[in-house]
Amino acid sequence: MSYLIRTAKPTDMKEVLGLIQELAVFENEPYAVEITEEDLIRDGFEGDAFKCFVAEKEARIVGIALVYPRYSTWKGVALHLEDLIVTQSLRGSGIGSALLKQVVDYAKELGVKRVSWDVLDWNEPAISFYEAKGAKVLRDWDVVQLDEQGIKNFK
């Protein structure tokens, strides 16, 4: 299988958004994606909200890893992996491993103390993949969020 892992460009964001939408469908949240291609370009390239790596095969984006800086009060500078996505037809082909390696190499380059990410508790293939790579899945933690409406209504 021939593919290239590289840093994303603004012109990749249409296909990146398509993969984000594919993930939302996989995670049973098909209508949850609110961002646009323009948001991704603005936030990732005109701003510095995130860095994105892509897997390209035959001039098509077939996988992404999107990361951003984070700070741990226990460890110091960290990196958050927001999404690692490989198009469904190519899962198991090594692209996910290559993207995760790119993220880890980037983390080493930055000198961060930790890379962290979330995984749905029912996504056993992903959990097994991450554990096989040496990641520790913290099953006793729950993700807590305030969505846009929750922020507006906060008391």
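List of remarks:
- With respect to being of a type in the set (A, V, I, L, M) and either at pLDDT below 90 or in a loop (DSSP other than H, G, I, E, B) (or both), VAL115 falls outside the description.
- Within region 1-11, tally of residues that are surrounded by 11 or more Cβ atoms within 10 Å (Cβ to Cβ), out of contact with any Asp or Glu (no Cβ under 7 Å at 6 or more places or on another chain), in a loop (DSSP other than H, G, I, E, B) and not basic (Lys, Arg): 1
- Flag not set for ILE85, criterion: surrounded by 14 or more Cβ atoms within 10 Å (Cβ to Cβ), in contact (Cβ under 8 Å) with a residue 60 or more places away in the chain and assigned to a helix (DSSP H, G or I).
- Subset of region 56-67 that is more than 13 Å from the chain's Cα centre (by Cα) and in a strand (DSSP E or B) - its residue that is surrounded by the fewest Cβ atoms within 10 Å (Cβ to Cβ): ARG60
- Members of region 40-55 that are under 16 Å from the mean Cα position of the chain (by Cα) and among the acidic types (Asp, Glu): ASP43, ASP48
- Residues satisfying the criterion are present in region 116-138 (criterion: in contact (Cβ under 8 Å) with a residue 12 or more places away in the chain, under 16 Å from LYS51 (Cα atoms) and within 15 Å of the chain's Cα centre (by Cα)).
- Counted residues, region 12-55 - those being under 24 Å from SER97 (Cα atoms), in a helix (DSSP H, G or I) and not aliphatic (A, V, I, L, M): 8
The values are calculated or read from the model by the stated rules, or taken from the named source; none is laboratory data. On a predicted model such as this, the values are computed, not experimentally measured, just so you know. Backbone-built Cβ (ideal geometry, glycine too); neighbour counts: all protein chains shown.
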